[in-house]
Each structure stands twice: as C-alpha cells, then as structure tokens.
Amino acid sequence: MVWRRLRIFSQALFFALFLALGIRASQGFTGAPWNLFPRFDPLAAISASIGVKRLLWASFWGAALTLGLTLLLGRAFCGWVCPLGAFLDWTSRPIPRKRRSRGSYLFHASFFLLTFILALSLASKLWLLFLDPITIAQRTLVASLHPVLGWLLRAVGDALYPLRPLQGLVEFADKAWRWVGLLPQGGLRLYRFSLFFLAFLLLLALLNRLAPRFWCRALCPLGALLTLTGRFSPLVVKIDEEACTQCGLCADICPILPAGANRVDSRADCWRCADCIAFCPEKAISFAWAKPHCQPLTFSPSRRAFLGGLLGAGAALLIARSDALSRRNSPNIIRPPGAKVKLSLGKYDESEFLSRCIRCGLCWKVCPTNGLQPAGTEAGIESFWTPILIPRIGYCDYGCTACGEICPTGAIERLSLEEKRRRKIGLAYIDQKRCIPYSLHLPCTVCEEMCPVPDKAIVLEEREIEGKTLLFPKVLPERCIGCGICENKCPVPDEAAIRVYAPFVV
Amino acid sequence: MPEECSRREFLKYLLGWTAALFLEGCMGKPQPAPLTPTLSPTSTVPPTSTLTPTPKPSQTSTTLPPSAEIAIARGKDWEAITRAAVEAIGGMKAFVKPGDTVLLKPNICTAGRPPEYAATSHPVVVATVAKMCWEAGAKKVLLFDLPFSGTQEAAYKDSGIADAVKGLDVELLFASPRHYEKVPVSGRDLKEWTFLRQALEADVFINIPIAKHHSEAGLTLGMKNVMGVIQDRPFMHWNLHQRIADLNTVVHSHLVVVDATRILVAHGPQGGRLEDVRITDTVIASADVVAADALAATLFGRSWRDIGYIRIGAEMGLGLPEGRRLAEVVL
C-alpha cells in the first residue's frame, strides 16, 4: 500500500506546487522558481532547441534532469509528477472494473504526435506544442482556472460587502487572496479564449471515459518521449512467482497492459503508479531493481506512426505556408518587449521567436496590465497562443520587465529596465477622424498625458480652430516605443482614436 | 392538522424574518459623508479679508483661531518644514480629533518613478503627515492613490511611500470596484460621478499633492489631486477644469499639504527627466485648497488666474485664492 499512497501524495504535492507557483506568479514574482514546471519539460526544451538549431541553456538543465530521472525510473514522471496526469487520474474512475478494448489505432497516436511535433520543430515551427501536457496545464491554469477563481472570490466578497458587520472580514479575506495571488496585482486578469482552454481540458477529462487517463497513454507526446527514454529503466515491477495465484486482478487494473495479458510485467509505458502492488491480494508484486534491459511497449512507435508524423508535419507546413499571412505580417501583432523578433525594412521576422515560444502562457500571467494575451487567428496558425499585446485591454507597463523574466525558454529576452524602455514594440497612429480635438473640436490630451517617455513621444500643438485655441496631439515616431498606454486610456469608446500597430523601420 | 401547523409556522417565520429585515434596515447603514465639511476651527475659516467670496452655508458659525490660515515653510530638512507648515496653521490637532479616521491622499500618479523624479509626493512629507496624525490621536490612518500607469502595489513601492510609512501602521488601500460609489455632484457640469467610498467617509481627508507641471491642466496641485479618488478619469478631460472644481465640491480637503520640496517644471504629470526637476525645499499647508493651490502656483511663476480649475474654484466659492493670513517660516 505504501508505494501507492506515496504516489498519490506525490501527485497531490506536485499539483499543489504547480497551482501555487502558477498563481503566485501573478504577484510580481518573476523568473525562477515561478516558471519551474515548463523548465522541467523535456519536450518543450527539445522542440525549442531543434527549432533554433542550437542548445538552449535556459531550459537545458531542467529538461536534462527530467530525462535523467526517466532513464533511471522510467515514466514515473507521468504517474508521480505531471499535474495534468494527476488531474486526469482524479477524473478517471479510480480503479477500472473491466478492461476496455485496446487494439485501436488511436492508441498509437502519441508517437505520431511526437514525430509530428519534432518534425515541425526541424522546420522551426512550434505550433503543435500546444499539445504538450505541461503547457496545457499551465495555459489552462493561467487563462481559465485562475480568472474563474478570482471572479468567484470577488463575487462572494461583493455579495457580503454591503452587510456592514462583515465588511472587516471581506477586507481581510481580500488581503489574504491578494497575498496568495488569487486576486492578482492590478485587478483580475482575464484572457481571450479562456472558454476554449477550459473546454479542451474538459475534453481530455471526457476522454477518460474511453479508458482511464486515455490522454496519457494514447495521445500525450511528452508521454511518448518519456516512454522511449525510459525503456531501459532498471526499476521494474517484480512478481513473486511462488505467491502469485494467477488471479489476473493486476492485469485488470493496470492502465497500460495490452489486451490478452493476464498479469503485469515491466513495460516501457508503465508510469509506476503502484496500483498493482497495492491491490495484489497475495502481496506478490513489488518494485525491484533489475539489470537494464529493453522493456516491451504496449503502444509501440510503429513505422506507420513515424511516417505518418513526418507526412503530417510536411502537410501541415505546406498548409501553413499557404496561409495568406505568410506573405504579410498582420498589423496587430505587437510582441512583448524582448521578444526575439527582427525588424528590418518593411519586414518583421519572427522565426526565432516562434521557434522558441512554447505557448505556456506564463508571460500573459505575469503581465500586470493584462495586456499580453494569447494570439488567435490574427497571426496565422503558426502563432496560435503566442503572446501579443492588445493595448485596448492593457498597455506595456513602462516600469515592468516581468515577461522576459518569467519566459522559460528565452523566447522573450530578459531586458534591463533601461533596455526595455528603449525597445520599440509598436508605433502609435492618431486616427484624426475619431480623435476628439480633431473631429469634435473639444479639448482632450489624455494620450499626451499618459505617454511615459520622459520627453514625450506625443506632443501637443496649439492651433486655432473655429475661434477656439485647442491642443492637438501628434505622435513623434522616432520617440514612440509602442507601449500602447495612449490607446488603452483613450476616452473614445470601442476603437480608440490613437492606435498602436506593429513597428517598422524606415 | 399538520397542514395547518405548517401554514401557521410559515406565517410566523414570514413575520419574524420581515421584522428582522426591518430591524436590519434600522441599523447603521453606510452613509455617505456630508457634502459640506465637518466643522473644525480652521477648516472653515469665514472670510475676513476685503476679498469676500460668498460663504458656504455651513461656514459661518465658527470662531477664528489666532493662527495663520496658510503657511509656507522653506528649509533643507523636509520633515521639519512639513511639521512647521502644519504647526503654523494651528497644528495637526486642529484638523485631526482623537478617534478620527484619516485618509491621506498623496499624488502617486504612476508606478516606476522614484521620488527624485518629482512625479509623486515625497515619502518624507507623506510619512511626516502620517506621524502627525497619530500624534493628534487618530484612530486609523489610511493612504490611497490609484496610479494611471502601473499597479497600485508597484506605485506605492516605487514612489518610496510604502517604505516610508512602514512601521507607522498606515493602511495602504487597494482599490476594488466595490470600494467605489456613485454619488450626486452639485457641480456646474457634473451631476454625478463615482468616488472612492473611503474618501467620502473618512473623518479627515488630507490632500498631499506634489506641485508639478501638467500638460493639460497647466499645473497639478491640490484640487487636481482629488482626481485620484474617482473612477473614469479619462472622461474628465472633456471639460477638465470645471470638472476638477466640481469634484472638489464633493471631496472636501480638510487639510492640504503641498509637497514642493522639489517640483517638476516640464513634461508633467509623469516627468522622467531629472533636468525638469527643481529643488525648491518648500511645503505649503492650508485648510483652503484654493488658497494652497494659488500660492503653490507662484512657485512656477504663475498666477492662479492662469490655472483654470483654481480660478473656477474661487468663482464657485470653494476657497479664497488671495487674502488668507499667511505665515512664512524659514528653517
């Protein structure tokens, strides 16, 4: 029983750690250890390294540690550490009463996906990495679960606040939530596509109905990578032949054993959940160290899966290239300062950024103004879930370098505050048809007032119009860094009268 | 029988709960602070000079203290001049009564600007006022400003104010929508606006602006500083000066302590260039926000007549731009 209990405890512990790190990250804490989980994700690290064609030290050590432990312990990461695995464990029927069919081709999809993802990385495209379990968990926590919790806590507080005797309690609770990070600094942070992320998580939970932790055994590309890595692990489950009565219970409850087997054996797919050890009526099963040998695979990386992955990646590349957005950048792609993009004449080269960004969403999380949001279709399928600044939602805070500090792969560079304050991420344009002084001849200088550049990238020109002297804002392109606070604070409703677009070099 | 019993019980409960709700309604409910200031000796000085504005109804009944009505203190020791300025107009005891809840409203308009950039009220001045409140017997000292750029947490920290009031038991308030309330405004332009509840409810509202340049308002001083306790600030700009004056009819500054230890003379309100900062070693204190602003404007070589909201404030009888008994202290 002890191994199973330990495993359940370990899952809970890592899950709690995952929540705590992810939630606290919104409190102005940046860098390690708040980005711990994505840093220990070998699939993300390998993909990003292949993507940029050199070793990325930023994510090397964490990934190496996970892979090293997998060499020793097999796929124990899936059973003991992975937060998504824990969630899917808890949403599966705890012990399946009857094994379900396992012959379906679908069960080999994880190797197909792994090949697909790594082949795409070769072409510096990381967009399928959104199927990485750590980034799934991280993104869903950032974009859906945390905001929902925040809303709930705020709503409860709002409901109780009018009751005078409870006000002190509500204020105290608020302070506690703020300290924990459930109510982030600068107010609740909400994200685009939050419903989608939540729905995706629920879909994975629903797949548990096909078989317990169906995602983990059949689809997870990280699981496939760890299966291959842990194939020679010396940690095995050993059956005491004398005590075994061939009752078949272990085979019934094992989540990965193939159909037809009547008792467990050591396999590369085994995530060392220790259920067989715990439930064997004869106590005949135990963990043991064995001489490293090649363990059998239940869901083997067939040649078909491998070729399918390569073909799929090729097709996906072609399809992505056929997107019109591969010709022209969308004007609304404003990347966070420090994003590895290159500006040259009329072109905005994002290839390095896109081959490093693992779409974990931590930068959206730490952005104090909520301005960093997941990109949707505006940048084409290659940019799905990468960070873009949406100034109408939040601006790039002049005193903040959080996104570069939290980024686990260095897709967003760490900038000093001085560097960040000089980094052009966009350029503001005044829409004179909407701007209040230009169109309505009424006074308004909010954009100039908000501009954080010390000598002001927006200046006011005094001009006479219809007998009135008015101040007209004007952008000085050489000074504007594109932080977007002008667009954010512009009092013109809906579409602001001053808007920030992707920068260009002249 | 059971049916009859349950109906009777139902009616009994109904009656009981109605009574309970009614009684709850009789209990102290949050009341908005009176729009006119509470009477305290110096905050409601009746006009004495030849320049007589129309006094507000509640401003006529108090006696005049023997002290000055506005003070300007100069000196290198900023804590000392803050104390001296407030002492000269009667001391903090004239404004804060034992058991009062005090709200300090420094100007912390943005995060990311350390005090030397003169974008935010100086931590020494703010902390000194906080200390004086405790010395006068305050029950609670709150501090609030909502920056337009950056989070409140970062603004409190970057301005040096969070550190300066550490250990002084000052409660830094953090804004949440539930802390705001829409109240009627009897202004010339505004009819209603959303204000921070604590600013309306505090017994004493101490306005601690930094004197600095402001691109649209000309200068930002005490009256403009009240914009920190409202919501929907960008919408003020359609008629900025009148609306600032209107806000001051709702939020009365019982005491104004203008931090002019260093002033920002250009690129306000955010600044960011040390070249735009002048060290002026000055603190101005008054219970009359119009008088304090008018005097502070002279530090920039400007007249109160040039600054729209001060002029309008004077017209509306919010205070006296000239003619207050002035005490000058040089340390």
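Just so you know, all these numbers are worked out from the coordinates, no wet-lab data involved. Keep in mind that what you see is a predicted model, and the values were worked out from it rather than measured. Here the Cβ is made from the backbone with ideal geometry for all residues, glycine too, and neighbour counts use every protein chain on show.
Here are the numbers for this structure:
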item: Relative packing of B:11-18, B:99-106, which averages over residues the other C-beta atoms within 10 Å, highest first; result: B:99-106, B:11-18
item: Cα Rg, Dmax (largest Cα-Cα span) when computed across region A:205-274, Å; result: 13.3, 40
item: Within region B:66-330: Cβ-based charge dipole about Cα centre, in debye rounded to nearest 20 (Lys, Arg +1; Asp, Glu -1); result: 120 debye
item: Calculated P(r) tail over 25 Å for region B:66-330, as whole % of Cα pairs; result: 36 percent
item: Relative contact order computed over region B:195-331 (Cα-Cα under 8 Å; 6+ residues apart), in percent; result: 26 percent
item: Entries of A:Lys489/B:Lys131; A:Lys53/A:Lys420; A:Lys125/A:Lys365 with Cα pairs more than 30 Å apart; result: A:Lys489/B:Lys131
item: Exposure proxy order (Cβ contacts within 10 Å, fewest to most) of A:Asp132, B:Asp169; result: B:Asp169, A:Asp132
item: Inter-site label distance for A:Lys53 and A:Val180 at 7 Å from Cα along Cβ, in nm; result: 4.9 nm
item: Peptide A:397-404, shielding by other chains (average Cβ, 10 Å cutoff); result: 4
item: Ellipticity estimate at 222 nm from DSSP helix runs (n ≥ 4, -39,500 (n - 2.57)) divided over chain A, nearest 500; result: -11500 deg cm²/dmol
item: Percentage relative contact order, chain A, counting C-alpha pairs under 8 Å, at least six apart; result: 19 percent
item: Share of pairwise Cα separations in region A:320-458, more than 20 Å, in percent; result: 50 percent
item: Cβ crowding within 10 Å averaged over residues, with B:173-184, B:83-94 ranked highest first; result: B:83-94, B:173-184
item: Antiparallel bridge percentage (DSSP; both residues within the protein assembly as shown; nearest 5); result: 70 percent
item: Per-residue mean of C-beta atoms belonging to partner chains within 10 Å, peptide B:102-112; result: 2
item: A:Asp494, A:Asp397, B:Asp163, A:Asp275 arranged by Cβ crowding within 10 Å, fewest neighbours leading; result: A:Asp494, B:Asp163, A:Asp275, A:Asp397
item: Percent RCO, i.e. relative contact order, over region A:385-476, from Cα pairs under 8 Å lying at least 6 residues apart; result: 18 percent
item: Förster radius 60 Å - calculated FRET efficiency between B:Arg305 and A:Leu195 (Cβ-Cβ, nearest 0.05); result: 0.60
item: The protein assembly as shown - Kirkwood radius from inverse mean 1/r over Cα pairs (Å); result: 30.5 Å
item: Spacing of the two label points (7 Å from each Cα toward its C-beta) at A:Gln167 and A:Thr377, in nm; result: 4.9 nm
item: Residue list for region A:123-165, given a label point 7 angstrom along the Cα-to-Cβ vector of A:Ala205 and an amide N cut-off under 14 Å; result: A:137, A:140-141, A:144-146, A:148-149
item: Taking only Cα atoms of region A:424-506, radius of gyration then Dmax in Å; result: 12.4, 39
item: Highest to lowest packing among B:252-263, A:140-151, scored as the average C-beta count within 10 Å; result: B:252-263, A:140-151
item: Average beta carbon contacts from partner chains per residue of B:174-182, 10 Å cutoff; result: 4
item: Pairwise label distance in nanometres, B:Arg233 with B:Thr194, each label 7 Å out on the Cα-Cβ vector; result: 1.5 nm
item: Selected from A:Ile430, A:Gly482, A:His441, residue furthest toward positive end of dipole (region A:424-506; charges at beta carbon); result: A:Gly482
item: Mean Kyte hydropathy of -0.5 or more with a Cα span along the axis of at least 18 Å, helices from DSSP in chain A; result: A:2-24, A:60-73, A:109-122, A:146-160, A:167-180, A:194-207, A:303-321
item: Cα-centred dipole magnitude for region A:2-70, charges only on beta-carbon of K, R (+1) and D, E (-1), debye, nearest 20; result: 140 debye
item: Environment charge of A:Leu476, counting only residues whose C-beta is closer than 15 Å and scoring Lys/Arg +1, Asp/Glu -1; result: +1
item: Per-selection Rg to Rh, region A:312-377 - Cα, Kirkwood hydrodynamic radius; result: 0.99
item: Dipole magnitude of region A:424-506 about its Cα centre (Cβ charges: Lys, Arg +1; Asp, Glu -1), debye to nearest 20; result: 160 debye
item: Farthest positive-ward along the protein assembly as shown dipole, Cα basis, beta-carbon charges - from A:Ala119, B:Cys133, A:Leu88; result: A:Ala119
